[in-house]
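In what follows, a structure is listed as structure tokens, so that the remarks can point back to it.
The values are calculated or read from the model by the stated rules, or taken from the named source; none is laboratory data. Please read these numbers as outputs of a predicted model, since none were measured by experiment. FYI the Cβ positions are ideal-geometry reconstructions off the backbone, even for glycines, and counts take in every protein chain you see.
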Amino acid sequence: MPTKIAAGNWKMNGLQTDMLELQLISKAAEQMDCRTIICPPTTLLGNATKFSKEIFIGGQDCHPEPSGAYTGDISANMLADTGASYVLVGHSERRSYHGENSTIVRAKAEAAIAATLKPVICVGENLQQRKSGDAIETVSSQIKDSVPANSEIILAYEPIWAIGTGVIPSFKEICQMHDAIRALLIKNYGSIGQKISILYGGSVKPSNAAEIFSATNVNGALVGGASLKSTDFIPIMRALSKS
Ligand code: 13P
């Protein structure tokens, strides 16, 4: 069975004062039958790994190279050095605002694995691709191009049009996409593909989490806005734990 994962992506949010939220989430994680990962901004990583022992900490991005003259970037080794154990790669905000294509995303995922981090590889279609019936094809080709030949990965399906909008795909659409991703992972990795966690992301809230988690091939969530407050995120963790 894939590991059930409740992951929070804090994006460019969070100051030292928000460490309290992290500690509340960490404390709640003790009681949950799922793994919790929080990806805070880089500035909080050191304290997060030190003071939130019940959860796993991840970075939000890494450079493909282990070190070098890349001002402002952070390498996978540096993330691992803070005590982080995961890293998001290929988030749609990185793909669109930083021009990252699937070749770069794949190199980042490989760098993460080399640094003993688990990459959470993000894929997802835009609204136009969804409307024209090309969602599954788009995501399949992103997976083909951005997922390395190593099964130490987590997949996050995040339809771009559902991120931060309050709109989510129908239950049927979520099932169809996650089933298609599972079939692809099995094709690529054989039986190991059964064990890779596939997360859904995009406007996950306490009110819709239980239904989303009832889909067979949804093994958790990658949550943005609702991961910033423990009062929103803990009910999502609980819904996953009970699923
Ligand atoms: P929201 O949960 O705010 O829609 O963000 C989803 C996301 O982008 C997580 O990576």
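I need the full set of residues from segment 184-226 which are hydroxyl-bearing (Ser, Thr, Tyr), part of a helix (DSSP H, G or I) and in contact with a Lys or Arg (Cβ under 9 Å, 6 or more places away or on another chain), in order please.
Listed by number, the list holds a single entry, Tyr189.
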Qualifying position, being under 26 Å from Ala111 (Cβ atoms), surrounded by 17 or more Cβ atoms within 10 Å (Cβ to Cβ) and modelled with pLDDT of 95 or more, among Ile136, Ile212, Ile198: Ile198
Residues (touching a strand residue (DSSP E or B) at 6+ places or on another chain (Cβ under 8 Å), loosely packed, with under 15 Cβ neighbours inside 10 Å and aromatic (Phe, Trp, Tyr)) located in segment 33-71: Tyr70
Of all residues making up segment 211-231, the number that are touching a strand residue (DSSP E or B) at 6+ places or on another chain (Cβ under 7 Å) and among the β-branched types (Val, Ile, Thr): 3
Candidate set from segment 150-167 (those that are of a type in the set (Val, Ile, Thr) and touching a Pro at 6+ places or on another chain (Cβ under 8 Å)); member that is farthest from the ligand (Cβ to nearest atom): Ile153
Looking only at segment 1-17, and only at residues there that are surrounded by fewer than 17 Cβ atoms within 10 Å (Cβ to Cβ) and touching a residue at least 40 places away in the same chain (Cβ under 8 Å), the one that is nearest to the ligand (Cβ to nearest atom): Asn13
